[in-house]
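Asks: Provided herewith is a single structure, encoded as structure tokens, for subsequent inquiry.
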Amino acid sequence: MRLDLRALRSFVAVASAGSISSAAHSLHIAQPALSVQIKQLEEQLGAALFDRHPRGVVLTAVGERLLGHAVEILRRVDVAYDDVRQAVDQPSGRVAIALPQSVAKFVTVPLVQAVVRQWPQIHLQMVEMSSGYIPQQLLHGLVDIGMTFGTEDDARMRFMHVLQEELAFVTTAQQLARHRGGPDGDATHMTLHDAARFPMVLPTTTQSLRRVLDAYMAKAGVAPRIVVEVNTIHEILALVAAGIGSTILSFAAVHDMLAARQLLALPVGRPAMSRSIYACRSATLPMSIAATKVHEQLLATIVSLSSSQRWPRSTVIAALSQGDGRVAPSG
């Protein structure tokens with residue numbers, strides 16, 4: 001049995017659009033012709049791929065199963081085509097990068113500038129999302145490269161520890177004076193036991209930073225006074241600035257508000273609390289020449305940002321600073 005690549009692309013388009021008419025429009029083909037393709041594919045497989053409804057179509061269980069295979073097959077075909085077609089010194093094609101918000105604010109502009117300057121035929125897609133969702137995006141071939149705040153015990157993934165980022169106790173001058181006592185100028189350092197006296201605005205338990213904070217607090221035997229849990233950095237900082245509570249974030253995440261003197265940030269712990277940042281990719285899906293070039297530039301950009309302190313309070317991992325750009329399993 002042979003599956004036609006055009007039929008697979010049509011199937012993926014319909015599954016993504018949730019409508020045959022919408023998919024036909026995006027594929028620039030007639031709706032009846034697309035319907036025939038889908039029907040022929042269903043007959044070939046001997047199973048319905050979609051449940052039809054007046055407002056569109058929904059994948060059946062068989063359709064869901066085929067979708068996972070189809071995305072990977074088409075991705076591999078596209079990579080093979082690009083690798084054969086492209087010269088190493090003139091890479092082209094789509095490269096998608098998924099970054100958490102606090103990483104994207106530093107990396108996006110210098111990375112895009114470097115890629116556009118060196119490889120104008122590469123089409124970058126910068127995707128901002130929560131760190132926890134990025135591995136699945138990589139495994140399904142929806143993005144090529146990601147950065148996360150943690151690793152997963154999954155042989156299908158490769159994680160490379162690239163950066164260590166210092167964490168800060170973030171508050172306002174008024175809250176610091178109220179809950180700690182003494183003049184604001186005396187505050188140069190914070191312990192977790194100090195922080196336990198403050199009402200806290202923390203990330204939700206689904207966020208990677210929250211898991212880091214919970215581990216530190218459990219080790220110190222500290223129970224935070226949580227006022228509210230929020231899943232976005234922007235809202236956390238807004239609540240802290242409004243005096244609702246204090247928080248613990250990376251120095252990098254609050255850099256702009258510190259520069260504007262809207263908030264205060266103090267190191268936490270001795271040695272200072274920090275979190276790890278990883279570059280990651282799929283271990284099973286091949287990287288195109290273009291994606292490999294962008295990955296190398298991403299690592300170079302991180303080294304430059306950290307060493308110049310444009311990424312505040314961050315430390316590059318030694319192997320990376322020595323030019324070891326290999327993506328290896330985390331230890």
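Only the coordinates and a few stated rules stand behind these numbers; no lab work does. Quick caveat, the model's predicted, so the values are computed rather than measured. With ideal geometry, Cβ positions are generated from the backbone for all residues, glycine too; neighbour counts draw on all protein chains shown.
Asks: Can you find, among F11, F106, L138, the residue farthest towards the positive end of the dipole of the chain? Put +1 on the C-beta of Lys and Arg, -1 on that of Asp and Glu.
Replies: Positive-most Cα among the choices belongs to F106.
Asks: Sticking with this one: If you wrap the range 262-311's Cα atoms in a convex hull and average its projection over all directions, what's the area in nm²? Don't jump to the answer; show the numbers that get you there.
Replies: Numbers: hull surface 23.7 nm².
Reported value for the Cα convex hull: 5.9 nm².
Asks: Counting DSSP beta bridges in the chain, what percent are antiparallel, to the nearest 5?
Replies: Details: 27 of 43 bridges.
Percentage antiparallel, nearest 5: 65.
Asks: Based on alpha-carbon positions alone, could you give the equivalent ellipsoid semi-axes of the range 5-83 from the gyration tensor, as √(5λ), descending, whole Å? All intermediate terms of the calculation are to be shown ahead of the outcome.
Replies: Working: eigenvalues 82, 45, 25 Å².
So the equivalent ellipsoid measures 20, 15, 11 Å along its semi-axes.
Asks: Return the calculated 222 nm mean residue ellipticity for the chain, to the nearest 500 deg cm²/dmol, obtained by summing -39500 (n - 2.57) across DSSP H runs with n ≥ 4 and dividing by the residue count. Please report the intermediate quantities before stating the final value.
Replies: Values: 13 runs with 147 residues, N = 331.
Value at 222 nm, helices only, nearest 500: -13500 deg cm²/dmol.
Asks: Against the globular-protein guess of 2.2 N^0.38 Å, express the Cα radius of gyration of the range 91-182 as a ratio, rounded to two decimals. Walk me through the intermediate numbers first.
Replies: Details: Rg = 18.0 Å, N = 92, 2.2 N^0.38 = 12.3 Å.
Dividing the Cα Rg of the range 91-182 by 2.2 N^0.38 Å gives 1.47.
Asks: Only four residue types carry charge here, +1 at the Cβ of Lys and Arg and -1 at the Cβ of Asp and Glu. Report the dipole size of the range 5-83 about the Cα centre in Debye, rounded to the nearest 20. Can you show the working numbers first?
Replies: Numbers: 8 positive and 8 negative charges, 44 e Å.
Here the size comes out at about 220 debye.
Asks: Now, a different point. Going by C-beta contacts inside 10 Å, put V57, V116, V71, V95 in order with the fewest on the left.
Replies: Working: V57 21, V116 11, V71 17, V95 26.
Least to most surrounded, the residues fall as V116, V71, V57, V95.
Asks: Got the relative contact order for the range 1-113 handy, in percent, Cα pairs under 8 Å and 6 or more residues apart?
Replies: On the way: 71 pairs, mean separation 23.9, N = 113.
Contact order relative to length: 21 percent.
Asks: Hey, another quick one. Any idea how far the Cα center of the range 225-301 sits from the one of the range 17-46, in Å?
Replies: Using only Cα atoms to place each centre, the spacing works out to 43 Å.
Asks: Now for a separate question. Give the share of C-alpha pairs in each 10 angstrom bin for the chain, from 0 to the last occupied bin, in whole percents, shortest bins first.
Replies: Reading upward from the zero bin: 5, 22, 25, 21, 16, 9, 2, 0.
Asks: Sticking with this one: What FRET efficiency comes out for Q118 versus R211 if R0 is 51 angstrom and r is the Cβ-Cβ distance? Round to the nearest 0.05. Provide the component values of the computation, followed by the final result.
Replies: Values: r = 37 Å, r/R0 = 0.72.
Rounded to the nearest 0.05, the efficiency is 0.85.
Asks: Going by how many other Cβ atoms sit within 10 Å of their own, how do V227, V303, V103 line up, fewest first? All intermediate terms of the calculation are to be shown ahead of the outcome.
Replies: Numbers: V227 15, V303 20, V103 24.
Taking fewest neighbouring Cβ atoms as first place, the list is V227, V303, V103.
Asks: Right, next: About its Cα centre, what dipole magnitude does the chain give when the only charges are +1 on Lys and Arg Cβ and -1 on Asp and Glu Cβ, stated in debye to the nearest 20? Let's see the in-between values first.
Replies: Numbers: 30 positive and 26 negative charges, 35 e Å.
Using only the charged Cβ atoms, the result is roughly 160 debye.
Asks: Another one. With only Lys, Arg, Asp and Glu charged, each at its Cβ (+1 for the first two, -1 for the last two), find how big the charge dipole of the range 165-274 is about the Cα centre; round to the nearest 20 debye. Walk me through the numbers on the way to the answer.
Replies: Details: 9 positive and 9 negative charges, 57 e Å.
For the range 165-274, the charge dipole is close to 280 debye.
Asks: Of Q207, I248, T191, which is farthest on the positive side of the dipole of the range 165-274, counting Cα position, with +1 on Lys and Arg Cβ, -1 on Asp and Glu Cβ, and the Cα centre as origin?
Replies: T191
Asks: Shifting gears a bit: Report, to one decimal in Å, the Kirkwood hydrodynamic radius for the range 165-274 based on all distinct Cα pairs. Mind dumping the intermediate values first?
Replies: Values: mean 1/r = 0.0731 Å⁻¹.
In the range 165-274 this quantity evaluates to 13.7 Å.
Asks: Among L59, A168, S92, which residue has its Cα furthest toward the positive end of the charge dipole of the chain, with +1 on Lys/Arg Cβ and -1 on Asp/Glu Cβ?
Replies: A168
Asks: If you plug each phi of the range 114-123 into the Karplus form 6.51 cos²θ - 1.76 cosθ + 1.60 with θ = phi - 60°, what whole-Hz ³J(HN,Hα) values come out, in order, with x for Gly and Pro?
Replies: Values per residue, Gly and Pro as x: 5, 5, 4, 5, 8, 9, x, 8, 7, 9 Hz.
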